[in-house]
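One structure below.
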Amino acid sequence: MNTATPVLRVRDLSVSFATRQGLVRAVDGLNLDVGTKEVVGIVGESGSGKSVAMYSMLGLVRDANASISGSVAFEGREILGLSDKEMQPLRGGQVGMIFQDPMTALTPVFSVGWQIVEQIRQHSDMTKAQAKERAVELLAEVGIPDARRRVDSFPHEFSGGMRQRVVIAMALSCNPKLLIADEPTTALDVTTQAQILELMGRLRDTHGSSIVIITHDMGVIAEMADRVTVMYAGRPVESGPEVDVVRQPRHPYTWGLLGAVPRLGERNERLATIPGNVMSPLDVPEGCAFAPRCDYVMDRCVQRPPMTGDAHQHACWLDEDRRVEIRSALKEAR
Amino acid sequence: MSDEVLLRATDVVKSFQVRGGTLGQKKVSTAVNGVSLDILRGETLGIVGESGCGKSTLARCLVQLSAVSSGSIEFRGTTLTGLSRRQLRPYRHEMQLVFQDPYASLNPRRTVGDIVADPLRINKFGSSAQIEARVKQLFETVGLDPSYVRRYPHEFSGGQRQRIGIARSLGLNPSLVVADEPVSALDVSVQAQVLNLMADLQDEFQLTYLFIAHDLGVVRHVSDRVGVMYLGQLVELADADALYDEPLHPYTEALLSAVPQLNDGTEVRRERIVLSGDVPDPAERPSGCPFHPRCAYATEECRGSDPALVEIRPRRFVACHHPLNSSTSH
């Protein structure tokens, strides 16, 4: 990782929405650094604010009731609050996006080739013929068989996995420095997911793009990410190198998240659960957001814990000794 | 689990007529292609497979929600296939379903109390006071506050809705519960709660589960035996531990290797096998073994003939000309 000039540097990003029922803090104090060629994962359950965070960075949160604060620097340049015109070269150009549902990310009324050509021409001065040639190359690169013929096919003529390949080809068409993938494999079957994850890993190496991958699946994080940030109710609760977070998780929410995943390699009688539900964003307490569901809640938890630590950070008041004790007890129990 | 067969399917085929091609000619798409299996009383039989493999269609055929095209289904020794709707009635309450989408499977215009009471009313469970008491009892059984009966589905979270769906399925004391992707729409922490609830209910009411899912980790966790489907056929069926520890069908091997793993030292790393291509269209089924176009071990024999599901070792069924890890190893 090159910490000197991160491709993306996010500081204290907050996004809130004024609703009739009150203020919803969808993202609350997110920090993120993405280095060159680095894959950073953001993991959390529905409503944790992971997608809103990414959309707000690119100015895609257009709600009149939204207020966004903090700082988002892309290659050292502040991009939060840029006008649409200033943002245009970034979106789809220097920053590519891959969405969860490849059917809604593509328009059904034009051929996939037309859609890729449009994007390339928007961001470069290639002629139509050159852009089409490039589209064929891209489709071949992402593994679409018979790309020269398929370039004129429409989205409905592709399977789900092939459609996601088209979306990836489109995201890569302008050689982005940063690729934001929002649940890129959630809609896909597991063998197709394996194909797409392998493809993304390969493209990171050949194109040198940094990747931010948003997912609810700790397994995908473990396969792909160099570093990971765990979010709960809009707030980051733990972040650090993937190996450390998965092997030595520090936050009780991360323990719950990892414990709740049924593993292939073992069959145990009961899964660890996190009591209760993900809370309504209107009811997030001032103190630690996870406190109402936490087994280890203390008096101190009425205050919001800050993110502490160096490379591996966490926001929890448990002291180190107690944490190690609980974690080894949890390992016993498994 | 006993050795008593609760439900037996023999060579079940379900095909649909579909329009295809530029001129809209009719084609036959075979969603389930000759599946035979036994569900034993008290067990959880898991069925895994990717979208379009026919696992949901199979489930609908087994409980007679869809008529089979051919083959037979026996429930406790009685052949259900060919019975009229009226004749099927006495068996319906024995076989209940829990559906995938807790948003679509509950009528938004009715209270959750009514939704749970419906099967009781239809089957004339008792007086309205008895039904009301039963509904409250069911709510408690699945871990919901009985005072919620007058609320509407939109007032509940996904996990709570799935509990309501489960309560509805249990009202008439079924012996077989068919759960079609019951947790795939839920967040992982809530998913664990629902899976634990289903395990508790199975112990309490001696239920038999047919559990259909695409998530191999979930299926491993809940199942005693697991069947793997590909393109409408059962390609492997075995005890869960044996199947996961030592898959015999190349498709099972690839499927297991494709699951992203946490690598936190608790799991054996499998070598990733990335299959090429997609699952074929069930209307244009390949010759021979349905998996041969994507199989790394395919031979001339696989292109020519479709292997039958055979018990190659006690309790291990596989449909492959060249099963893995066997004496005729690669």
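We did not get these values from a lab; they are worked out from the coordinates using the rules stated. Just so you know, these numbers come straight off a predicted model, no measurement behind them. Note: ideal-geometry Cβ built from the backbone for every residue, glycine included; neighbour counts use all protein chains shown.
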Exercise for the section: Identify all lysines with a Cα-Cα distance to A:K128 below 27 Å; exclude those on the same chain that are fewer than 8 residues away in sequence. Expected result: A:K85, A:K177
Completion exercise
Env charge @ A:A225, Cβ radius under 10 Å, K,R +1 / D,E -1, value -3
Completion exercise
Extension length gain for B:H154 and B:T10 (0.36 nm per residue less Cα distance), in nm, is 47.7 nm
Handout entry: Rotationally averaged projected area of chain A (alpha carbon convex hull; nm²)
Key = 18.4 nm²
Problem - Semi-axis lengths (Å, descending) of the ellipsoid that matches the C-alpha gyration tensor of region A:248-324 - result: 23, 17, 11
Handout entry: Against the rule of thumb 2.2 N^0.38 Å, how large the Cα Rg of region A:293-334 comes out
Key = 1.28
Practice task
Output the peptides A:320-329, B:106-115, A:247-256 sorted from most to least packed, where packing is the average of other Cβ atoms within 10 Å over each peptide's residues.
Solution key: A:247-256, B:106-115, A:320-329
Problem - Burial order of peptide ranges B:25-31, A:83-89 (average beta-carbon count within 10 Å, highest first) - result: B:25-31, A:83-89
Exercise for the section: Return the distance in nm (one decimal) between the two label points of a simple spin-label model at B:D245 and A:V324, each offset 7 Å from Cα along Cα→Cβ. Expected result: 3.5 nm
Problem - Per-bin percent of Cα-Cα distances, region B:189-303 [5 Å] - result: 2, 9, 17, 20, 18, 15, 9, 6, 3, 1, 0
Problem - Beta bridge orientation in the protein assembly as shown: antiparallel %, DSSP, nearest 5 - result: 60 percent
Handout entry: 35 Å tail of the calculated P(r), the protein assembly as shown, as % of Cα pairs
Key = 48 percent
Handout entry: Value of D in µm² per second that Stokes-Einstein yields for region B:1-129, Kirkwood Rh from Cα pairs, at 20 °C (1.002 mPa s)
Key = 125 µm²/s
Handout entry: Descending Cα extents along the principal axes, chain B, whole Å
Key = 67, 52, 45
Practice task
Taking only Cα atoms and a 10 Å spring cutoff, compute GNM fluctuations for chain A and point out the largest among A:I196, A:I213, A:I274.
Solution key: A:I274
Exercise for the section: Over the whole of B:211-221, what's the average partner chain Cβ count within 10 Å per residue? Rounded to a whole number, please. Expected result: 3
Problem - Antiparallel %, DSSP beta bridges [both residues in chain A], to 5 - result: 60 percent
Problem - Förster-model FRET efficiency, 51 Å R0, B:A133 and A:K128, C-beta, rounded to 0.05 - result: 0.10
Completion exercise
The distance between the Cα centres of region A:61-95 and region B:162-219, in whole Å, is 44 Å
Handout entry: Calculated FRET efficiency for the pair B:L65/B:D101, C-beta based, R₀ 25 Å, to 0.05
Key = 0.95
Completion exercise
Per-residue average of other protein chain Cβ atoms inside 10 Å, peptide A:253-262 -> 5
Completion exercise
Here the equivalent ellipsoid of region B:106-173, derived from its Cα gyration tensor, has semi-axes (largest first, whole Å) of 18, 12, 11
Completion exercise
With N residues in region A:1-159, Rg(alpha-carbon) / (2.2 N^0.38 Å) equals 1.22
Handout entry: Projected label distance in nm at A:R148 and A:D310, using a 7 Å step from Cα toward the beta-carbon
Key = 5.6 nm
Handout entry: Reciprocal mean inverse distance between Cα atoms of region A:116-206 - Kirkwood radius, Å
Key = 13.6 Å
Problem - Long-range HN-HN contacts of B:Y230 with modeled amide H, under 5 Å - result: B:V235
Exercise for the section: Please work out the C-alpha center-to-center distance from region A:103-152 to region B:110-150 and express it in whole Å. Expected result: 56 Å
Exercise for the section: Using a/c under 1.5 as the rounded threshold, could you call region A:226-285 rounded, prolate or oblate? The axes a ≥ b ≥ c are square roots of the C-alpha gyration tensor eigenvalues, and prolate needs a/b larger than b/c, oblate otherwise. Expected result: oblate
Problem - Environment charge of B:Q17, counting only residues whose C-beta is closer than 14 Å and scoring Lys/Arg +1, Asp/Glu -1 - result: +4
Fill in the blank from the handout: Computed on Cα atoms, Rg of region B:278-330 relative to 2.2 N^0.38 Å comes out at 1.20
Problem - Cut-off 14 Å between beta-carbons: net charge of the residues surrounding B:R151, Lys and Arg +1, Asp and Glu -1 - result: +3
Practice task
Could you work out the mean count of beta carbons from other protein chains within 10 Å of each residue's beta carbon in A:153-166?
Solution key: 1
Practice task
Could you work out which residue, out of B:A192, B:A133, B:A283, moves most in a Gaussian network model of chain B, that is, has the largest mean-square fluctuation with Cα springs under 10 Å?
Solution key: B:A133
